[in-house]
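The values are calculated or read from the model by the stated rules, or taken from the named source; none is laboratory data. Remember, predicted model here, so these are calculated numbers, not experimental data. Note: ideal-geometry Cβ built from the backbone for every residue, glycine included; neighbour counts use all protein chains shown. Protein only, heavy atoms only, side chains kept; ligands, DNA and RNA dropped before computing areas. Shrake-Rupley method; radii C 1.70, N 1.55, O 1.52, S 1.80 Å.
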Amino acid sequence: MTCFWDSIYQSLNHSHFQQLEYNRNNNLKAFINHLKNKKTKLSNVTWQNNPLTQKEIDEHLQAIQEYNVNNIHNGHFTSTCDYFLLLLCELLEIGIDHVYLGHTIEYRNKKNNTTILKFGSDKGHFFKL
C-alpha cells in the first residue's frame, strides 16, 4: 500500500523533478531515498500558518533520516504535521493542502506558494485531490 507515495509522485510535474534534480523513473524507493538525501532545515515552511520551532524542525529531520524505505508497502503513517510534506514544501517552494476527514491542514513556503498541491486522506487511504 503505497498510496501516500503514489499520490505525491503523480502530483509532481516535470519542473518539480528538475528542481529536485531527480530523473523520474517510477522507482518509489529511489525517489524517497533521494528526498532523504536532500533533507534540509525546514526554515521557510509554515504549518497551519505557524512557523516550526527548532525542536519540531529537529524532530522532523530525524524522522526523515530514520524513515525506512523498505516498509513503504506497509503504508505511510501520515502525521497531521507530516515531515515529508514539510520537506516537499521546503525543497519545491510550494504549498500543500491536506484534507483529513474534512479538515484542511495547510503547509506553506514563506518564499513562494504559487503552486498548491492538494491531497486528501481518511483513516486508511491518502489520495490526490
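In the range 35-44 there is no residue matching the filter, namely being over 14 Å from Leu85 (Cβ atoms), without any contact (Cβ under 8 Å) to a residue 60 or more places away in the chain and of a type in the set (A, V, I, L, M, F, W, C). For Phe127, are the conditions met, namely being at pLDDT below 95 and not small (Gly, Ala, Ser)? No, not satisfied. For residues that are part of a loop (DSSP other than H, G, I, E, B) and closer than 18 Å to Asn50 by Cβ, tally how many sit in the range 108-129. Residues in the range 108-129 being part of a loop (DSSP other than H, G, I, E, B) and closer than 18 Å to Asn50 by Cβ: 3 in total.
Pairs linking a residue in the range 1-20 that is closer than 18 Å to Ile72 by Cβ and among the polar types (S, T, N, Q) to a residue that is open to solvent by less than 10 Å² (accessible area, probe 1.4 Å) and outside any loop (DSSP other than H, G, I, E, B), with Cβ atoms under 8 Å and 6 or more positions apart or on different chains, are Thr2/Ile72; Ser7/Phe119; Ser7/Phe126; Ser11/Phe119. As for the range 15-33, it holds no residue that is closer than 21 Å to Leu129 by Cβ and among the basic types (Lys, Arg). Could you go through the range 57-79 and let me know if any residue there is of a type outside the set (Asp, Glu) and more than 22 Å from Thr2 (Cα to Cα). Yes, the range 57-79 has at least one match.
Examine the range 110-129 for a residue that is basic (Lys, Arg), in contact with a helix residue (DSSP H, G or I) (Cβ under 8 Å, 6 or more places away or on another chain) and buried (at least 16 other Cβ atoms within 10 Å of the Cβ), and state whether such a residue exists. Taking every residue of the range 110-129 in turn, none turns out to be basic (Lys, Arg), in contact with a helix residue (DSSP H, G or I) (Cβ under 8 Å, 6 or more places away or on another chain) and buried (at least 16 other Cβ atoms within 10 Å of the Cβ).
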